[in-house]
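Accompanying notes for the structure given below.
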Amino acid sequence: MSASIEEIQSCVREALGDVREVIVEDLTGGGDHFRIQVHSPVFVGKPLLEQHRLVQSALRSFLDSGKIHAIEVKTVPIES
Amino acid sequence: MSQKSKEEILEEIKKDIQNHKIIAFIKGEKLMPVCGYSRTVVNIFHQLGVPFETRNVLQSEEYLRTLKEYTQWPTTPQVFINGEFIGGCDITLELYESGELQKKIEKALQAEN
């Protein structure tokens with residue numbers, strides 16, 4: 001029961017659409033604790049909470065199923 | 001301890017959020033958080049030396065599920081300041097590092113009940 005870095009990257013890209021970069025780090029090597037940094041224009045002008053919600057909703061299925069236990073999210077708004 | 005209903009839990013959560021200017025829903029107790037992210041949030045408020053409340057989300061599965069549904073936030077800890085949902089550990093940390101968290105706390109503590 002774990003997620004792969006590629007799965008996370010594709011889920012985030014698919015959900016957010018215009019994504020420049022998705023840097024994913026497996027914090028424990030166990031595939032259930034990740035640090036995820038997302039560079040995207042969709043964050044521009046949005047409050048921080050909103051930006052994080054976008055990333056979380058992209059990974060909703062992983063989080064709800066328990067495939068991922070914890071994520072550290074860093075969002076980076078970039079001009080498109 | 002009888003099993004509280006979902007409605008009772010939701011009522012309790014809402015009241016806690018209103019009655020405490022700073023409250024963190026964490027895994028474990030204030031002095032003994034059991035998860036690193038919860039510990040980080042507790043440490044931030046300790047360092048700032050501000051009065052804050054915590055609730056242990058592990059008190060029952062129903063409690064954790066009700067909280068996550070209420071905030072539509074799938075992870076813990078969850079932090080509220082002055083009734084406003086701030087986010088989890090990484091947002092609280094980011095706001096702390098930018099000084100934004102201190103501003104929100106100052107405003108909250110100044111605001112009359």
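The values are calculated or read from the model by the stated rules, or taken from the named source; none is laboratory data. Because the structure is predicted, anything quoted here is derived from the model rather than measured. With ideal geometry, Cβ positions are generated from the backbone for all residues, glycine too; neighbour counts draw on all protein chains shown.
Data table
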item: Residue list for segment A:21-40, restricted to those being part of a loop (DSSP other than H, G, I, E, B) and surrounded by 12 or more Cβ atoms within 10 Å (Cβ to Cβ); result: A:27, A:31, A:32
item: Selected residue (criterion: modelled with the lowest pLDDT) from residues of segment B:83-113 that are out of contact with any strand residue (DSSP E or B) (no Cβ under 9 Å at 6 or more places or on another chain) and more than 24 Å from residue A:56 (Cβ to Cβ); result: B:113
item: Residue match in segment B:62-69 (condition: within 14 Å of chain A (Cβ to nearest Cβ) and either over 26 Å from residue A:47 (Cα atoms) or among the hydroxyl-bearing types (Ser, Thr, Tyr) (or both)); result: no
item: Subset of segment A:1-56 (residues that are touching a residue at least 12 places away in the same chain (Cβ under 8 Å) and polar (S, T, N, Q)); result: A:2, A:4, A:9, A:37, A:40, A:51, A:56
item: Qualifying residue in segment B:26-47 (condition: in contact with a strand residue (DSSP E or B) (Cβ under 7 Å, 6 or more places away or on another chain), at pLDDT 95 or above, of a type in the set (Gly, Ala, Ser) and assigned to a helix (DSSP H, G or I)); result: yes
item: Residue check, residue A:52 facing another protein chain (nearest Cβ under 10 Å) and either surrounded by 15 or more Cβ atoms within 10 Å (Cβ to Cβ) or over 18 Å from residue B:89 (Cα atoms) (or both); result: yes
item: Pick from segment B:70-105, criterion of a type in the set (Val, Ile, Thr) and within 14 Å of chain A (Cβ to nearest Cβ), ranking: farthest from residue A:51 (Cα to Cα); result: B:81
